[in-house]
Amino acid sequence: MCRIVIFLFIIFSSLSFAQKVIVNDAEERIDGVLCKGMETVIQLESNMIEKGWNKFLKEYGKVDSKKGNIFFMESADIADVSSTPVKVYSRITATNIGIRVFWAIELGSEFVTTGNKKLAADKLLHDFGVKMYIQYINDQIEDAEKALQNTVKNQERKIKDGSNLEKKIVNNKEDKINLENKLKENASDLINLLQAQQQNVLDQKAAKEDVEKMKKAVENVKAKLSKVE
């Protein structure tokens with residue numbers, strides 16, 4: 001019950017969850033290179049963001065190196081930004097307001113900082129942030145549905161327990177009635193047995209008297225033998 005209350009608190013507290021992904025221009029020094037690019041802050045767990053970002057980058061080619069929170073791609077095919085391969089510098093940093101995702105795209109000897117290429121790079125970073133929030137919410141929905149299934153199963157168990165208890169109560173009442181009837185029958189049987197026992201005592205006495213009479217009769221018959229001459 002306590003786990004359900006805690007889970008409901010998490011679910012209801014997240015009903016007000018509403019995040020807008022904002023992309024800003026930014027600079028970051030990575031491996032000695034001053035990179036000009038863009039950043040966004042995502043208010044989710046860092047492990048989730050790093051895993052998602054690594055997967056995102058791999059859609060555009062091989063991630064040549066990943067040192068902790070730093071990602072580098074020597075040759076990335078990002079068609080929305082450029083028709084030719086580009087370099088990607090990226091870093092993920094934890095801040096007091098969330099997880100900061102920075103990336104810079106180098107085309108030739110210049111970083112993409114203006115024009116349609118810049119807008120395309122902004123959009124890709126923005127869409128990544130949106131995707132992360134959607135994934136997070138979908139995970140919550142999945143957890144909520146699992147919790148719902150568990151509570152439904154628990155309800156079904158309680159209903160079944162209630163049905164079983166009702167059956168046991170009915171059976172108990174029937175057993176009580178049967179037992180009371182048996183006790184009545186037992187009492188009646190006892191009376192009959194006591195009466196039969198009393199009658200048996202009388203019958204035994206009468207039988208004994210009959211035996212004595214027959215013994216005398218036999219002796220009288222035998223006595224006749226002695227009178228024969």
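Here are a few things to note about the model shown:
- Residue selected from region 93-105 under the condition polar (S, T, N, Q) and either touching a residue at least 60 places away in the same chain (Cβ under 8 Å) or out of contact with any Asp or Glu (no Cβ under 9 Å at 6 or more places or on another chain) (or both), by the criterion nearest to residue 51 (Cα to Cα): 95
- Scanning region 48-81 for residues that are more than 16 Å from residue 134 (Cα to Cα), free of Cβ contacts under 8 Å to residues at least 24 places away in the same chain and part of a helix (DSSP H, G or I) gives 54, 58.
- Condition met for residue 102 (out of contact with any His (no Cβ under 6 Å at 6 or more places or on another chain), more than 18 Å from residue 25 (Cα to Cα) and either in a strand (DSSP E or B) or modelled with pLDDT under 95 (or both)): no
- Test: residue in region 44-56 that is hydroxyl-bearing (Ser, Thr, Tyr) and closer than 22 Å to residue 20 by Cα: yes
- Exclusive hit being among the polar types (S, T, N, Q), under 60 Å from the mean Cα position of the chain (by Cα) and modelled with pLDDT of 80 or more, set 186, 192: 186
- A count restricted to region 67-92 and to residues that are out of contact with any Asp or Glu (no Cβ under 7 Å at 6 or more places or on another chain) and loosely packed, with under 15 Cβ neighbours inside 10 Å stands at 8.
- Check on residue 99, closer than 14 Å to residue 57 by Cβ and crowded, with 19+ Cβ neighbours inside 10 Å: no
- Residue in region 106-163 that is surrounded by the fewest Cβ atoms within 10 Å (Cβ to Cβ), counting only those that are touching a residue at least 40 places away in the same chain (Cβ under 8 Å) and not in a helix (DSSP H, G or I): 113
The values are calculated or read from the model by the stated rules, or taken from the named source; none is laboratory data. Remember, it's a predicted structure, so these values are computed and weren't measured experimentally. Cβ atoms come from the backbone with ideal geometry, glycine included; neighbour counts cover every protein chain shown.
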